[in-house]
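Beneath this line is the structure, given in structure tokens, with notes to follow.
The values are calculated or read from the model by the stated rules, or taken from the named source; none is laboratory data. Every value quoted in this text rests on a predicted model; they were computed, and no experiment measured them. No Cβ is skipped: glycine too gets one built from the backbone with ideal geometry, and neighbour counts run over all protein chains shown.
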Amino acid sequence: MTPEDRYRRLSKRLLSAPGVTQSSDVASPKKGFGSSALKIDDRIFAMLSSKREFVVKLPAHRVDALIAAGEGKRFDAGRDRPMKEWLAVGPASEARWLLLAREAMEFVSSKG
């Protein structure tokens, strides 16, 4: 299964939650930052990057802990400046995608 297929499946599950929407079609994630992102109350919490990595927004200390545990890397949107609250995980981490997405959804909704 491709990362795009996994992301579509994950999106279907999360779109049933109150306040969750999606930016646009996940079939074309190369349109730019957040073009196929999942949002809660109109703020991005998860997306599939143009590099086919699953990306979530989490507290900086949580991102640091996940990186230290070998669970992913800091996301860089192409500006050679990794983002402190964004974690990128590869397709091999599929089992964690849903857990990370739910954690990100809670984090972003709590910031409102």
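Of everything in the stretch 58-101 that is among the hydrophobic types (A, V, I, L, M, F, W, C) and touching a residue at least 40 places away in the same chain (Cβ under 8 Å), the residue that is farthest from Ala46 (Cα to Cα) is Ala77. Only one entry of Gly112, Gly72 meets the criterion of being of a type outside the set (D, E, K, R), over 15 Å from Tyr7 (Cα atoms) and modelled with pLDDT under 80, and that entry is Gly112.
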